[in-house]
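Structure first, then comments.
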């Protein structure tokens with residue numbers, strides 16, 4: 001299952017997992033776009049609001065009814081960003097970022113774990129903003145939420161290891177997805193951010209998807225509780 005599979009990193013991951021032989025559940029708040037992706041890869045589309053507990057529970061119940069058996073792998077690239085300057089942030093915006101990015105991730109991990117056998121694998125998606133405290137495109141609310149995803153991943157890895165479930169995280173750097181369309185419309189800002197990477201460019205969504213797919217596969221069988229930073233060397237700056 002890919003939660004947030006209708007666009008960006010999630011869509012690229014759905015396409016890659018299909019090529020790798022998975023039967024893919026494409027879950028997203030945008031049901032129409034999820035259906036387009038599912039049709040393209042011969043998967044199944046499901047609508048979900050990750051900030052709504054009942055919606056998340058329903059998602060996993062329906063997916064298991066559709067596919068039968070148990071869930072083998074879960075990735076959670078679903079999330080929202082915010083660029084509001086620190087002193088202009090409202091509590092409402094801060095809460096909304098955390099409801100989607102943190103609570104939503106937690107709910108998906110919890111519900112997936114209920115339906116996984118030993119050998120199941122879960123990958124959360126944070127951001128280098130969670131390590132840096134922002135300073136790129138997303139600001140305080142976004143950075144704080146992604147920092148919480150990093151901590152949540154480690155906690156979930158400890159809690160679920162006795163069940164034979166591995167939980168890891170991917171922390172992307174700047175990636176060319178719809179989330180960056182607005183901030184990168186400022187050419188000077190984009191040049192500054194990309195100039196902070198060793199490779200001098202942003203990632204393509206497929207490059208981040210490759211890292212997630214590896215962590216979901218048996219090829220990463222001895223990796224647990226880890227965060228794989230995929231940022232073109234930005235964090236070495």
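Every number here is computed from the coordinates shown, using simple stated rules; none is lab data. A quick note: this is a predicted structure, and the numbers were derived from the prediction, not measured. When we count neighbours, we look across all protein chains shown, and the Cβ atoms used for this are built from the backbone with ideal geometry, even at glycine.
Using Cα centres only, tell me the gap between segment 7-24 and segment 99-116 in whole Å.
When both Cα centres are located, 19 Å separates them.
Using only Cα atoms, tell me the angle between helix 53-67 and the longest principal axis of the chain; keep it within 0 to 90° and round to the nearest 10.
50
Relative to the present Cα-Cα distance, how much length would full extension add between residue 33 and residue 64 at 0.36 nm per residue of separation?
Once the chain is fully extended between residue 33 and residue 64, it gains 9.1 nm.
So how much slack lies between residue 222 and residue 236, counting 0.36 nm per residue of separation and subtracting their Cα-Cα distance, in nm? Kindly include the intermediate steps, with their values, before the conclusion.
Values: separation 14, 0.36 × 14 = 5.04 nm, distance 2.55 nm.
Going from the current span to full extension adds 2.5 nm.
Using packing as a proxy for protection, rank 4-16, 181-193 so that the peptide with the highest average count of other Cβ atoms within 10 Å comes first. Intermediate values should be presented prior to the final figure.
Numbers: 4-16: 25.9, 181-193: 12.6.
Sorting 4-16, 181-193 by mean packing, highest first, produces 4-16, 181-193.
Using Cα centres only, tell me the gap between segment 202-217 and segment 148-178 in whole Å.
Rounded to whole Å, the Cα centres lie 14 Å apart.
Starting from the Kirkwood Rh over alpha-carbon pairs, what translational D in µm² s⁻¹ does the chain have by Stokes-Einstein at 20 °C and 1.002 mPa s?
So the translational diffusion coefficient is about 121 µm²/s.
Give me the angle, in degrees from 0 to 90, between the Cα long axis of helix 205-216 and the longest principal axis of the Cα atoms of the chain, rounded to the nearest 10.
Taking Cα atoms only, the helix is inclined about 40 degrees.
Only counting other Cβ atoms within 10 Å, I'd like 42, 52, 61 sorted with the fewest neighbours first.
42, 61, 52
When the chain is modelled as a GNM with alpha-carbon springs shorter than 10 Å, which of 73, 159, 81 fluctuates the most?
159
List residues of segment 199-237, by number, whose backbone nitrogen lies under 13 Å from a label position 7 Å along Cα→C-beta of residue 23.
No residue qualifies, since no backbone N sits under 13 Å from the label point.
Kindly express, to the nearest 10 degrees and within the range 0 to 90, the angle between helix 8-19's C-alpha long axis and the longest C-alpha principal axis of the chain.
Rounded to the nearest ten degrees, it is 40.
Take peptides 226-234, 196-204 and line them up by average Cβ neighbours within 10 Å, highest first, as a rough protection proxy. Walk me through the intermediate numbers first.
Details: 226-234: 19.1, 196-204: 16.2.
Packing order, densest peptide first, comes out as 226-234, 196-204.
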